[in-house]
Amino acid sequence: MVDQQQPQPNPWDQIGTSFVQHYYKTFDTDRGQLASLYIDVSCLSFEGFQFQGKKAIMEKLTSLPFTKIEHIITAQDHQPTPDCSIISMVVGQLKADNDHIMGFHQCFILKNTGDSWVCTNDMFRLAIHNFG
């Protein structure tokens, strides 16, 4: 008989899950407070546009043209990398202002800076498909 127990949580799952929860809670309530999660060498790809550095990333995130947003996470996966970072992939839905609910994908690379985990790489795409 095969043991059907859930696998024990590992450190990268715990760190990744905590980061994801904190990131989206902060994004949904006051995205201007996300600056502490990025560093000066961080990179953001947002719908194909590239931003490098904490200042450029925060300018992009705070200039997004909605006043209210809610993220719902439907799945997340986390893996350690050979350089002791963590890669996190998130799939979910978001609702901005009065727009329809849209799917999204987001991928983070997290690096330990000694006293905290920061995002060095962030890639975001809406899950919109054009089958025409």
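The values are calculated or read from the model by the stated rules, or taken from the named source; none is laboratory data. Just so you know, these numbers come straight off a predicted model, no measurement behind them. Note that we place each Cβ from the backbone using ideal geometry, even for glycine, and neighbour counts take in every protein chain shown. Ligands, DNA and RNA are excluded from the accessible area calculation, which covers all protein heavy atoms including side chains. Shrake-Rupley method; radii C 1.70, N 1.55, O 1.52, S 1.80 Å.
Oblate is the label for the chain, because the ratio a/c of its alpha-carbon gyration tensor axes (a ≥ b ≥ c) is 1.5 or higher and a/b is not greater than b/c. Loop-located trypsin sites (Lys or Arg not before Pro) in segment 44-77 (DSSP state not H, G, I, E or B) with no more than 11 neighbouring Cβ atoms inside 10 Å: Lys68. Let me check I've understood the local charge: for Lys95, count other residues with C-beta under 14 angstrom from its C-beta, Lys and Arg +1, Asp and Glu -1. What total comes out? Value of the local net charge: -3. Simple rule: put +1 on each Lys or Arg Cβ and -1 on each Asp or Glu Cβ in the chain, find the dipole, and look at Gly53, Ile15, Pro65; the Cα lying farthest toward the positive end is Pro65. On segment 11-126, 56 percent of the accessible area sits on carbon and sulfur atoms, based on a 1.4 Å probe.
Please compute the per residue accessible area over segment 11-126 with all protein chains in place, 1.4 Å probe, rounded to a whole number of Å².
On the way: 6670 Å² over 116 residues.
Per residue, segment 11-126 has 58 Å² of solvent-accessible surface.
Net charge dipole, the chain: roughly 260 debye, given to the nearest 20, about the Cα centre with Cβ charges of +1 for Lys and Arg and -1 for Asp and Glu.
Taken as Cα centroids, segment 17-31 and segment 64-90 sit 9 Å apart, rounded to the nearest whole angstrom.
Label positions at Cys107 and Ile87, each projected 7 Å from the Cα along the C-beta direction, are separated by 0.6 nm. With loop membership from DSSP and a limit of 12 other Cβ atoms within 10 Å, the longest segment of the chain without chymotrypsin sites (Phe, Trp or Tyr not before Pro) is 1-65.
Identify the GluC sites (Glu not before Pro) of segment 30-132 meeting these criteria: DSSP loop state and at most 14 other C-beta atoms within 10 Å of the C-beta. Walk me through the numbers before you get to the answer.
On the way: sites: Glu47, Glu59, Glu70; in loops: Glu47.
Answer by residue number: Glu47.
Could you tell me whether segment 36-112 comes out rounded, prolate or oblate from its Cα gyration tensor? Rule is a ≥ b ≥ c as square roots of the eigenvalues, rounded for a/c under 1.5, then prolate if a/b exceeds b/c, otherwise oblate. It would help to have the intermediate numbers written out before the result.
Details: a/c = 2.53, a/b = 1.28, b/c = 1.97.
Since a/c reaches 1.5 but b/c is at least a/b, the shape of segment 36-112 is classed as oblate.
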